[in-house]
1. Within the range B:11-22, can one find any residue that is at pLDDT 95 or above, β-branched (Val, Ile, Thr), more than 17 Å from the chain's Cα centre (by Cα) and part of a loop (DSSP other than H, G, I, E, B)?
2. In this structure, does A:Val94 turn out to be modelled with pLDDT of 95 or more and either more than 14 Å from chain B (Cβ to nearest Cβ) or under 25 Å from B:Asn72 (Cα atoms) (or both)?
3. Of all residues in the range A:53-72, how many are surrounded by 13 or more Cβ atoms within 10 Å (Cβ to Cβ) and either aromatic (Phe, Trp, Tyr) or within 14 Å of chain B (Cβ to nearest Cβ) (or both)?
4. Just give me the residues in the range A:33-80 being assigned to a loop (DSSP other than H, G, I, E, B), over 30 Å from A:Asn93 (Cα atoms) and not β-branched (Val, Ile, Thr), in sequence order.
5. How do the strands (runs of 3 or more DSSP E) wholly within the range A:155-249 filter down when requiring 2 or more residues that are free of Cβ contacts under 8 Å to residues at least 40 places away in the same chain and either touching a Ser or Thr at 6+ places or on another chain (Cβ under 9 Å) or within 14 Å of another protein chain (Cβ to nearest Cβ) (or both): which remain?
6. List the number of the failed condition for A:Ser117; all other conditions in (1) touching a Ser or Thr at 6+ places or on another chain (Cβ under 8 Å); (2) touching a residue at least 24 places away in the same chain (Cβ under 8 Å); (3) more than 8 Å from chain B (Cβ to nearest Cβ) hold.
7. Check A:Ala89, A:Ala120 and return the single one that is within 25 Å of A:Gly37 (Cβ to Cβ) and part of a helix (DSSP H, G or I).
8. Any residue that is buried (at least 20 other Cβ atoms within 10 Å of the Cβ), in contact with a Ser or Thr (Cβ under 6 Å, 6 or more places away or on another chain) and part of a strand (DSSP E or B) - is there at least one of those in the range B:161-179?
Amino acid sequence: MKMKNHSAALFAVLFLFLSVLSDTPALAQEKGAVREGFSAEALQGQKIVLVRPSVWVGEQSMAGVPEPNADWTAQSRELLVAELGRRQAQFSNVIIAEPELVGPEAKLFADYRSLFSTVARSVMVYQFFLGNRLPTRKKGAFDWTLGDGTSRLGELTGARYALFVTTRDEYGSTGRKIFQLLAAGIAGVGVQSGVHQGFAGLVDLETGYLVWLNADGQMGGDVRTEDGMQKRVRQLLEDFPGLAEEPAH
Amino acid sequence: MTRQNRMQVLCLIAMPLLATASPAMAGWKLKPAGQAAIVDNITITPAADWNQWTGRPGKQGRTWTRDGFELNSLEVFSGVPNGQPLYRERNRKQNPLPKFDKSMLLPDLATFFERSFRTYYNIADFTVNETVPDSISGHQGIRVTYRFVSATDELVLLGEARLAVVGGQLYAINFFAPELHYFDAGIGEVHDIMDGAQISAK
């Protein structure tokens, strides 16, 4: 009897942790938001700079530790840039590429690319995951910023808005997949194999405010293939204000 | 499979998961603006609303944030005893945390803090910008200002910590945030919090 109680307690603890780690529906999640007062009309006639995407692709070890894969990353970056280029004509705004800069100005773009990824992930973890929403954000207003220092990016490009795109993909290794099967078969619980995060966000460069964001920790599309990347970009740009919808393949 | 074997397999499954558990997924408690908050043995009064994580970064530690740990973290450690680490051990065998020694001199505290912070957050690129005398609640201590790069996004973050030894125990308040916007946006209020902190230990 004592052993039975022990097992039940261990199962309960395991379920709690696995629920948290495997992004099960125990934690309801929002995937997109628009800043109050912002709409497609605000974008009319405005130039948008497409910031060079941030791409990371690798493998997830059995214990869930990410290991980078340079070939996959390079291939995915190439596919992402090509697909974003292909979709460019469907925007109702003028889209310009991040200029080829050197020195401190190139570093500034790189720094804001990093800050965007961090802010987008924070929105996902501390606002979109309803069960983990910070008490100071309980009212639900979408109020996130990169700071008004972004105006320098506007000066360098002549754009009013910047579109940032980040993808991070950790494909489950064979060991991780076996571990997933074992956990499901023996413990009867779900373990996540692989991470497929994608963030796309539009920033008002005059104020630094994030005015539109899509952020999902479970994106679809194998970013190592052309078809998969088309699916990923379709998801990333879903509900972008003023963007013509592409039919799903 | 026997019950014992089943338990062993479950433990094997649980261990790596527990090791990689995200601290962000615990509970939160609102710390309202203008209200004195007792954080173990230190009382601090924030000017704005903050969120206190219900977990602990160390046995004697608490973490507050406004927008998430990666955008602004305020850590308060009150009364780390002799022989104990500042943070919780994450990998005791391969990367153990240094232990606080009550005989440490002020410069030793700076080194202790740097090694503790780097180990706990697994940071490769970390620089101490300045170490100067300062105080907490009237007790002589040091202020360490530092800079580091996050491994995930290669983002530059700045930090400032105050540490003091009171009654043979270590007290520390530490703030860090991205260099772009967030550090400057938060450090003014954090200075007020540090200046107004009251240690209640005897």
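1. no
2. So A:Val94 fails the test.
3. Adding up the residues that qualify gives 13.
4. A:Ser61, A:Met62, A:Ala63, A:Gly64, A:Asn69 - these are the residues of the range A:33-80 that are assigned to a loop (DSSP other than H, G, I, E, B), over 30 Å from A:Asn93 (Cα atoms) and not β-branched (Val, Ile, Thr).
5. A:195-204
6. (3)
7. On inspection, the qualifying residue turns out to be A:Ala120.
8. Yes, there is a match, as at least one residue in the range B:161-179 is buried (at least 20 other Cβ atoms within 10 Å of the Cβ), in contact with a Ser or Thr (Cβ under 6 Å, 6 or more places away or on another chain) and part of a strand (DSSP E or B).
The values are calculated or read from the model by the stated rules, or taken from the named source; none is laboratory data. What you see is a predicted model; the values in this text were computed from it and never measured. Cβ sites come from the backbone with ideal geometry, for glycine too, and all protein chains shown count toward neighbours.
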